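A.B. asks: Pasting a structure below so you can have a look.
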Amino acid sequence: MSSQSAKTDPSLLKVAIVGASGYSGEELCALLDRHPSAEVTAVFSRQHEGKTVGEVMPRFSGLKIASLVFTEAEPAKVAACDAGIVFLALPHGVAAEYAVALLKAHKIVIDLSADFRLNEAEVYADYYGGTHPAPELLRGAIYAIPELSREAIKSSPLIACAGCYPTSIQLPLVPLFKRGLLDSSGIVVSSASGVSGAGRKASIDYLYAECNENMRAYGLPRHRHISEVEQQLSLAAGAKMAITFIPHLAPMNRGIHSTIVATPTAGKRASELREILRETYATEPFVRMRETPPETKHVAGTNFCDIALFDEPRTGRIVILSVIDNLVKGAAGQAVQCFNIRAGLLETEGLM
């Protein structure tokens, strides 16, 4: 039986990637090359123009995608490609220029950057610096975590994939806040990310000798991802929220581990909240409830989010643990999941 639904538009199965040579872009190449329905028809890069994917990323030698040649990444050239859906694996502040051109060309955009995650241009300027390059598009963008915004993704021309830390935080918290089961004050989140979360760039901070056998906090007191987490949790809770968020760089290549401390309402216990999350995600293929503390190695290379909840009887609080792979569920895998939804395919295609 075909995995495509009656609603699948064949033109949407042709895809292009802008920024394919970064860590998230490379993961996209891997997922889409083996995707049973998608066809990568173009890859774009200013840095690697004229080279093949196989030359730039030898891991793909012998695969279909290896022979594709990187084209100059000018917005007009990207907009003129034959792909129906274009993935933007670009830094914040850069993706918006492409999105404007692509939407004018009636392409569907799946953006992995932070350019369209926030509803207000003023908040973007506060956290990311500088004026938002396309504020007129913010209201039309869909903030995308498939398990939480599936219906909106199905028809959106501009899909803004959530950040990696925010995905690990929101999957356990949003359903509980929507039901009024957590106190909206005093939320503390301590997260650790693998070094690939910083992107593929030359920096002393990310040299092997600096990261190996070392763990450090960074982005204090206001990491950029706080902005989207607080925005989405406030919408879920129906009240303005602020959280304490402490990110750490961990000595591993990939993975995110988030420890969330919260106070349940009406004396609820972790076991009750666990059952609510279990019911919420019972039919979701990529969220797994655990009885024991989840580990990053159990989700590495996958699109899963593993969640566990525990009581802290001395304080009356609960501890929630959530783990994902920052490059898959936190970036490329989530983007492919959005692609599957938008193209009318089975959501698990190319991800299981």
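A.B. asks: For the structure I just gave you, tell me whether ALA66 is in contact with a Phe, Trp or Tyr (Cβ under 9 Å, 6 or more places away or on another chain) and within 19 Å of ILE110 (Cβ to Cβ).
C.D. replies: No: the conditions fail for ALA66.
A.B. asks: Kindly indicate the residue of segment 182-199 that is in contact with a helix residue (DSSP H, G or I) (Cβ under 6 Å, 6 or more places away or on another chain) and at pLDDT 95 or above and also nearest to CYS338 (Cα to Cα) among those meeting that condition.
C.D. replies: The residue in question is SER191.
A.B. asks: Specify the residue that is nearest to the chain's Cα centre (by Cα); the eligible residues are those in segment 9-25 that are over 18 Å from VAL78 (Cα atoms) and assigned to a helix (DSSP H, G or I). If you could, list the steps in order and put the result at the bottom.
C.D. replies: Pass one, segment 9-25, residues over 18 Å from VAL78 (Cα atoms): 9-10, 23-24.
Narrowing the set further to residues that are assigned to a helix (DSSP H, G or I) leaves 10, 23-24.
Values: PRO10: 25, TYR23: 13, SER24: 10 Å.
Filtering first and then ranking leaves SER24.
A.B. asks: Within segment 128-151, is even one residue touching a His at 6+ places or on another chain (Cβ under 7 Å), of a type outside the set (A, V, I, L, M, F, W, C) and surrounded by fewer than 21 Cβ atoms within 10 Å (Cβ to Cβ)?
C.D. replies: yes
A.B. asks: Then there is this: Considering segment 311-325 alone, what residues qualify as being closer than 22 Å to SER193 by Cα, surrounded by fewer than 24 Cβ atoms within 10 Å (Cβ to Cβ) and not β-branched (Val, Ile, Thr)?
C.D. replies: LEU321
A.B. asks: On to the next question. For a quick check of your reading of the model, give me the residue pairs whose first member lies in segment 200-217 and is outside the structural domain of GLY25 (by TED's automatic domain parsing) and surrounded by 10 or more Cβ atoms within 10 Å (Cβ to Cβ), whose second is at pLDDT 85 or above and assigned to a helix (DSSP H, G or I), with beta-carbon atoms closer than 7 Å and at least 6 apart or on different chains.
C.D. replies: That search, which allows pairs on different chains as well, returns ARG200/TYR23; TYR206/VAL195; CYS211/VAL195.
A.B. asks: So which residues in segment 341-352 are at pLDDT 95 or above and either closer than 17 Å to ALA89 by Cβ or outside any helix (DSSP H, G or I) (or both), if there are any at all?
C.D. replies: ARG342, GLY344, LEU345, LEU346, GLU347, THR348, GLU349, GLY350, LEU351
A.B. asks: Only one of (1) modelled with pLDDT under 95; (2) of a type in the set (Lys, Arg); (3) under 20 Å from PRO285 (Cα atoms) is not met by ARG150, so which one is it?
C.D. replies: Failed condition: (1).
A.B. asks: Out of all the residues in segment 198-219, which are under 26 Å from GLY130 (Cα atoms) and either part of a strand (DSSP E or B) or in contact with a strand residue (DSSP E or B) (Cβ under 7 Å, 6 or more places away or on another chain) (or both)?
C.D. replies: ALA217, TYR218, GLY219, listed by residue number.
The values are calculated or read from the model by the stated rules, or taken from the named source; none is laboratory data. Given the structure is predicted, the values throughout are model-derived calculations rather than measurements. Cβ coordinates were reconstructed from backbone atoms using ideal geometry, including for glycine residues, and neighbour counts include every protein chain displayed.
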